Amino acid sequence: MKANARAVVIGGGVVGVSTLYHLAKKGWSDVVLLERKELTSGSTWHAAGLLPLFNMSYSVGQIHKYSVKFYQELQEETGMNVGFTQCSNIRLARTKDRWDEYMYYAGIAETIGIPVNILTPEQVKEIWPLCETDGLLGAIQHPDDGYIQPADLTQALAKGARDLGATIYRNTAVTAIAQGDDGTWTVTTDKGEIACEHVISCTGNFARRTGAMVGLDVPVIPVEHQYIVTEPHPAIVARKKEGLPEMGVLRESDSSWYMREENGGLLLGPYEVGAPCCYVDGPSEDSEYELFQEDLERLMPYVETAIERVPAFGEVGIKKIYNGAIAYTPDGSPIIGPAPGLKNFWLNEGHSFGVTAAGGAGWQLAEWIVEGEPSIDMMGVDPRRFGPYATEGYLREKNEEAYANVFTVHYPDEERSAARPLKTTPSYDRMKALGAVFGSVYGWERPNWFAPEGYAVPESELGVGADVLLKHNHAPALADGRVVEKWSFRRSNYFEHVGNEVRNVHENVGLLDMSAFAKIEVSGPGARGWLDNILANRIPKKRGRVALCHLLTKNGGVRSEFTVYEWKPGRFYLVSAGAYEAHDHDVLFKLLPDDGSVTLRPITQQYGVFVLAGPRSRDVLRRLTRTELSNAAFPWLSGREISVGRASAHALRVNFVGELGWELHHPIEQQNLIFDLIMEAGAEFGIRPFGIRAMTSMAIEKSYRLIPRELSIEYTAWESGLDRFVHPDKGNFIGREALLKQRDAGLGWNYVTLEIGGVSDADARGNEAIYRAGELVGRATHGGYGWRVGKSLALAMVRPEFAAEGTELEIRILGELHPAKVIGESPFDPENAALRTDG
Ligand SMILES: Cc1cc2nc3c(=O)[nH]c(=O)nc-3n(C[C@H](O)[C@H](O)[C@H](O)COP(=O)(O)OP(=O)(O)OC[C@H]3O[C@@H](n4cnc5c(N)ncnc54)[C@H](O)[C@@H]3O)c2cc1C
């Protein structure tokens, strides 16, 4: 066995072999793959081989798109048949919400270049004559989609990799992994050791065990997944004899199953409620080509709905049931990217559609490893979207939930209920008593909006039981039985209540809990110089000034956004998005200089954050502090430590809603005290709490940018319109050279704000296609109703020639075209007068 390699890939399933292939393709021929048994002997050999392009995630959609194209090219390149049957994929819709989901998805597909056809029930019948079409509203079809032979695909990838110089060792188990002081990894196997620069873990159902070798808690636990293969059916055999085309993959989303032809018979794969987690402690040492005992009882409800839809399925006997392990993560998307806390250790794990994703996942990970950055926005699959809260108990609940929800309607406002509440701030109960309807981000409970006392959505409007056959996806009832929220792609029951919250913030004053913000302190003699050297904005020279600073990629894209505030001499307090705590902090840790001159101290849990915003916020705060709050003494974009009654807080005069206000960063143990003081002092000024949805509506009216929407590695800082925050003349920072080059070469995109016409009940949400005279010219990145301006708005990236104010464009929202006019940035208060209000 070789003693050295540039990179070692662990795991010879389809994902590992694709990663190996793509590293070699990028020119790294000195790469090695280690597989403990035979290639494909984990989950890959028994996969049904479907290649569904459908995915609601922008990241995963692009990964799947690449795979489907690449697998066909691979066949030509290697001369090995990968068994790709391009027979199309039809997804049926029985309900209006499902149709909305498909229409929303069609926008994502169009903007990433995946063709989607819309079919009537009659057209479904033509393509799939064995399918009954009763009760169908229609369907969408992916013509490029189909299925593949997973083992043949893996072997072709292996041949391609070997042809490019890569080495594969089968029957070689990795038993230990350690990193030396010089950064070199030593991978120990039962056949010897290999020293390497990079390690890539692609170990499927063993992911947690591999992670444990390097002290990582990988948020992957598999779930049992079954499919049934029938004996041949005479009608299908006859079709084959007549030379008729295969009927394609059929998906009855509302009953949670897929079906396709298999050797003259049918293959049915349901995603059952109650499918249990498996291999919680990892598979056994000798696990190989392993299947579990089938559970026909769990399958029966799905079999029944399948027979109703395709009676032929019930007319033939069952040939075999496969019950195997399918890796899952809490949100159902894979984990592709750098491992948190470890240099040059990479994860390509947690694949539940691994055959489909392997090509694109290998491609992007190889780019990341070899070139330092991927080229598509990978935030949706980044391993660091989860934090240390994702322990085994959490994963068991969440992963079973993710599996059971594969086919449910994926509402943009859904807040899944498993494993909640997990992380609560001290004011949780107080917010709840005031009617908070919570959402969850990075394990934290955060008020999304506030329901009036006793409020309930009438049962007749909930539609529970009437829409889907086997798995509902509705907001759960509260402890007292009330359901207060209806999830939807359209304006839903909470719309007007959110409007009331905005109105109160705009006219009086509101209080928002943003304690989930990620927080870290940067200190040490080199702190200022280091921050200045990595961030694109100038670090304020004067202590107490607050600046918004972006950490860019070397290509000039945006990786993270930080609020930077020197809170004590030489000590900087950095705040970033709560959802990306692990990501942002890991990126910072990995950029630290080796000389020990800079120290990082994560302090998210030590500080809570209340946003006090609205024209009366100064009046409220004045009741609680002796600190002078006038503009002269406490200007916009500054901060200082103040007393709040007998408590204390760092008050930062910034906020994300565009009103006069302060963020109060306070010791977490004083949160309830501060809450009570503020609510009491604010009573005479009409204070009311508000939630994330009101905040989002107000942020859109200010054209404020968010990661990973209009700020992303796919758009440069210039393209995202961050000119005010980027200063190439200040000296070096990450991404500077690329930005200077682009300034000469011209931009590929421009960030714009759009006013949408003709909207009655569905605003843009992001991912909608934007056209000029029928031609696709951009994509929405965010959208919603702006209560203060009384307009339906969208934020978008469009081609520069269509970015001028006044340009008339069109946007397709849930299948309908609407006029979309480019308007000036920040339609609410473009001069920032509210933020600067004196008094
Ligand atoms: C019934 C069923 C049907 C499915 N159908 C589909 C489908 O239609 N379409 C689709 O896209 N996906 C499907 N899947 C999912 C798909 O099978 C997986 O996502 C995919 O196979 C994952 O590939 P992988 O390479 O990540 O993992 P695996 O194939 O499990 O490979 C991991 C490999 O790592 C090796 N390994 C682990 N630890 C070590 C170690 N310490 N040293 C060396 N080697 C090690 C293992 O031996 C194993 O071979 C299905 C899954 C099931 C269960």
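I'd like to verify a number: residues in the stretch 369-394 that are surrounded by fewer than 21 Cβ atoms within 10 Å (Cβ to Cβ) and under 22 Å from residue 279 (Cβ atoms), how many?
Residues that pass the stated criteria total 6.
Check the stretch 793-805 and report whether any residue there is closer than 30 Å to residue 500 by Cβ and either part of a loop (DSSP other than H, G, I, E, B) or among the acidic types (Asp, Glu) (or both).
no
From the list 61, 83, 79, 27, which one is crowded, with 19+ Cβ neighbours inside 10 Å and small (Gly, Ala, Ser)?
Sole residue among the options that is crowded, with 19+ Cβ neighbours inside 10 Å and small (Gly, Ala, Ser): 61.
Please verify whether the stretch 598-611 includes one or more residues that are among the aromatic types (Phe, Trp, Tyr), more than 21 Å from residue 690 (Cβ to Cβ), surrounded by 14 or more Cβ atoms within 10 Å (Cβ to Cβ) and touching a residue at least 12 places away in the same chain (Cβ under 8 Å).
No: the stretch 598-611 contains no residue that is among the aromatic types (Phe, Trp, Tyr), more than 21 Å from residue 690 (Cβ to Cβ), surrounded by 14 or more Cβ atoms within 10 Å (Cβ to Cβ) and touching a residue at least 12 places away in the same chain (Cβ under 8 Å).
Of the conditions (1) crowded, with 20+ Cβ neighbours inside 10 Å; (2) under 21 Å from residue 52 (Cβ atoms); (3) in contact with a Lys or Arg (Cβ under 8 Å, 6 or more places away or on another chain), residue 338 clears all except one; give me its number.
(2)
Criterion first (acidic (Asp, Glu) and free of Cβ contacts under 8 Å to residues at least 24 places away in the same chain) does residue 755 satisfy it?
No: the conditions fail for residue 755.
When the residues of the stretch 40-87 are narrowed to those that are in contact with a Ser or Thr (Cβ under 7 Å, 6 or more places away or on another chain) and among the hydroxyl-bearing types (Ser, Thr, Tyr), which ends up farthest from residue 709 (Cα to Cα)?
Top of the filtered list is 40.
In the stretch 572-581, what residues are free of Cβ contacts under 8 Å to residues at least 60 places away in the same chain and in contact with a helix residue (DSSP H, G or I) (Cβ under 7 Å, 6 or more places away or on another chain)?
572, 576
Is at least one residue of the stretch 1-8 within 19 Å of residue 148 (Cβ to Cβ), touching a residue at least 12 places away in the same chain (Cβ under 8 Å) and buried (at least 22 other Cβ atoms within 10 Å of the Cβ)?
So far as the stretch 1-8 goes, no, none of its residues is within 19 Å of residue 148 (Cβ to Cβ), touching a residue at least 12 places away in the same chain (Cβ under 8 Å) and buried (at least 22 other Cβ atoms within 10 Å of the Cβ).
Any residue in the stretch 395-407 that is more than 16 Å from the ligand (Cβ to nearest atom), buried (at least 20 other Cβ atoms within 10 Å of the Cβ), touching a residue at least 24 places away in the same chain (Cβ under 8 Å) and more than 24 Å from residue 339 (Cα to Cα)?
yes
Filter the stretch 588-605 for residues that are out of contact with any Gly (no Cβ under 6 Å at 6 or more places or on another chain) and under 11 Å from residue 520 (Cβ atoms) and give the result.
Across the stretch 588-605, the qualifying residues are 588, 589, 600, 601, 602, 603, 604.
When both residues are 6+ apart or on different chains and their Cβ atoms are under 8 Å apart, which pairs have a first residue that lies in the stretch 38-49 and is aliphatic (A, V, I, L, M), and a second that is more than 6 Å from the ligand (Cβ to nearest atom) and assigned to a loop (DSSP other than H, G, I, E, B)?
As it stands, the answer is 39/170, since those pairs meet every condition given.
Quick one: residue 56 ticks every box in (1) farther than 23 Å from residue 211 by Cα; (2) away from the ligand (no atom under 11 Å from the Cβ); (3) not in a loop (DSSP other than H, G, I, E, B) except a single one, so which number is it?
Single failed check for residue 56: (3).
Would you please name the residue that is farthest from residue 798 (Cα to Cα), looking only at residues in the stretch 698-755 that are of a type in the set (Phe, Trp, Tyr) and over 22 Å from the mean Cα position of the chain (by Cα)?
Ranking the candidates gives 733 first.
Of the residues 450, 495, 489, which single one is out of contact with any Leu (no Cβ under 9 Å at 6 or more places or on another chain), modelled with pLDDT of 95 or more and among the hydrophobic types (A, V, I, L, M, F, W, C)?
495
In the stretch 1-45, what residues are within 14 Å of the ligand (Cβ to nearest atom), hydroxyl-bearing (Ser, Thr, Tyr) and assigned to a loop (DSSP other than H, G, I, E, B)?
Hits for the stretch 1-45 are 40, 41, 43.
Report yes if residue 424 is under 24 Å from residue 219 (Cα atoms), at pLDDT 95 or above and β-branched (Val, Ile, Thr), otherwise no.
The answer is yes for residue 424.
Looking for whichever is of a type in the set (A, V, I, L, M), at pLDDT 95 or above and surrounded by fewer than 20 Cβ atoms within 10 Å (Cβ to Cβ) here; the options are 535, 574, 548. Which one fits?
Just a single option satisfies the conditions, and that option is 548.
Which condition breaks for residue 65 when tested against (1) out of contact with any strand residue (DSSP E or B) (no Cβ under 7 Å at 6 or more places or on another chain); (2) among the charged types (D, E, K, R); (3) within 16 Å of the ligand (Cβ to nearest atom); (4) over 27 Å from residue 11 (Cβ atoms)?
(4)
Residues 440, 375, 417: which one is outside any loop (DSSP other than H, G, I, E, B) and of a type outside the set (A, V, I, L, M)?
Sole residue among the options that is outside any loop (DSSP other than H, G, I, E, B) and of a type outside the set (A, V, I, L, M): 440.
Please indicate, with yes or no, whether at least one residue in the stretch 803-811 is touching a strand residue (DSSP E or B) at 6+ places or on another chain (Cβ under 6 Å) and closer than 25 Å to residue 487 by Cα.
The answer is yes, given that some residue of the stretch 803-811 is touching a strand residue (DSSP E or B) at 6+ places or on another chain (Cβ under 6 Å) and closer than 25 Å to residue 487 by Cα.
Do the conditions hold for residue 118, that is, is it more than 30 Å from residue 796 (Cα to Cα), of a type in the set (Val, Ile, Thr) and more than 14 Å from the ligand (Cβ to nearest atom)?
no
The values are calculated or read from the model by the stated rules, or taken from the named source; none is laboratory data. Quantities reported herein were computed from a predicted structural model and do not represent experimental measurements. Ideal geometry is used to build each Cβ from the backbone, glycine not excepted, and the neighbour counts take in all protein chains shown.
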